[in-house]
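Step one of this worksheet: look at the structure below.
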Amino acid sequence: MENNLQPAVSVIVPCYNYGAFLSECLDSILAQTFTNWECIIADNCSTDNTKEIAEKYLQKDPRFKYIYCEVKGVSAARNKAIANSSGKYILPVDADDRIGAGYLQKAVPVLEGKNNVRIVYCQAELFGHVSGKWNLPEYNLEKMLKQNIIFCSGLYRRRDFDQAKGYNEAFLQGFEDWDFWLSLLENGGDVYRINEVLFYYRIRKTSRNNSLDMEKQKILRRMVYENHKQLYARSLNVSDVIFENYQNETSYNSIAASMDYRIGKLLLSPLRMIKRIFGK
């Protein structure tokens with residue numbers, strides 16, 4: 001399966017001021033039991049020591065490559081890195097995350113043997129500010145159209161990336177992974193999840209994703225919908241979605257009206273006031 005003349009997998013690591021985490025990420029790539037890979041570190045206008053860290057790995061192993069991206073944004077960084085890659089398969093890994101040593105070893109044969117599979121991913125674990133199993137729901141297309149249930153580090157074919165025209169660079173504030181996965185699945189295909197924890201997602205106190213307020217999320221969700229209108233029309237029953245939303249609202253209103261909820265809110269309100277005053 002492995003070809004020493006051309007890497008089978010191009011691991012894409014965009015990095016914007018994540019020098020403090022980059023070594024941990026690159027070490028996890030270096031530890032892969034599947035050895036026929038290249039790793040392209042895409043420096044996304046960093047002002048920290050990202051370049052210095054990357055250069056150490058270039059000296060350590062020729063499979064590492066470094067490029068500098070003049071345009072900010074994770075989508076632009078991934079697109080440029082993939083344009084400079086030569087692998088048959090692509091695996092994005094954010095610079096503050098890690099992958100398990102057997103990830104490529106177990107993911108590559110799935111794409112080799114199952115032509116209808118578009119994305120291979122795995123079970124995941126959280127680490128950092130929060131730790132524990134990341135209990136993502138089992139994939140199905142209807143769930144995927146309502147919310148993203150596949151993290152960014154899924155393996156896919158380079159030819160599918162080209163057909164999808166890459167990551168949409170308009171998504172500067174998030175949801176670019178969700179939009180891209182839907183692009184890969186636009187014309188059909190399956191998703192395969194490896195039943196093993198092989199991806200580790202770092203939770204930080206502040207990040208781009210957890211800083212999105214509801215209004216920004218609404219705008220981004222509208223962008224996803226507009227980009228994939230036909231897929232939504234084919235795959236989602238609008239009346240079912242309306243009824244599901246009604247059930248959720250009814251359930252929330254019932255909880256909010258309960259005595260326990262009101263007592264709990266009353267007890268917590270002084271604590272919230274103190275936090276507002278002291279900015280904690």
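Coordinate-derived values only; no laboratory data. Model, not experiment: these values are computed from the prediction.
Would you list, by chain and number, the lysines whose Cα falls below 28 Å from the Cα of LYS205, excluding same-chain residues fewer than 8 positions away?
Counting by Cα, and skipping residues close in sequence, LYS205 has these lysines nearby: LYS51, LYS72, LYS133, LYS143, LYS146, LYS216, LYS218, LYS265, LYS275, LYS280.
If eta is 0.890 mPa s and T is 25 °C, what Stokes-Einstein diffusion coefficient results for region 74-165, Kirkwood Rh from Cα pairs, in µm²/s? Write out the running numbers ahead of the final one.
Details: Rh = 14.7 Å.
For these conditions, the coefficient is 166 µm²/s.
Show me, for region 70-77, the HN-Hα J-couplings you get by feeding each phi into the Karplus relation (A = 6.51, B = -1.76, C = 1.60, θ = phi - 60°), rounded to Hz, glycine and proline as x.
With coefficients 6.51, -1.76 and 1.60, one gets 6, 9, 6, x, 5, 5, 5, 5 Hz.
Quote to one decimal, in nm, the extra length available between LYS60 and GLU112 on full extension: 0.36 nm per residue of separation minus the C-alpha distance between them. Walk me through the intermediate numbers first.
On the way: separation 52, 0.36 × 52 = 18.72 nm, distance 2.97 nm.
Residue separation times 0.36 nm, minus the Cα-Cα distance, leaves 15.8 nm.
Considering amide H positions built from the backbone, and no H for Pro or chain starts, which residues 5 or more places from VAL117, or on another chain, come under 5 Å of its amide H?
Here ASP190 satisfy the definition.
Residues with amide H under 5 Å of TYR89's amide H, sequence separation 5 or more or different chain, H placed in the peptide plane at 1.01 Å from N; which?
It is VAL9, SER10, ARG158, by chain and number.
What are the extents of the Cα atoms of region 9-212 along their three principal axes, in Å, largest first?
43, 37, 33
Sequence neighbours fewer than 8 away in the same chain don't count; with that in mind, list the lysines whose C-alpha is under 18 Å from LYS106.
LYS106 reaches LYS88, LYS114.
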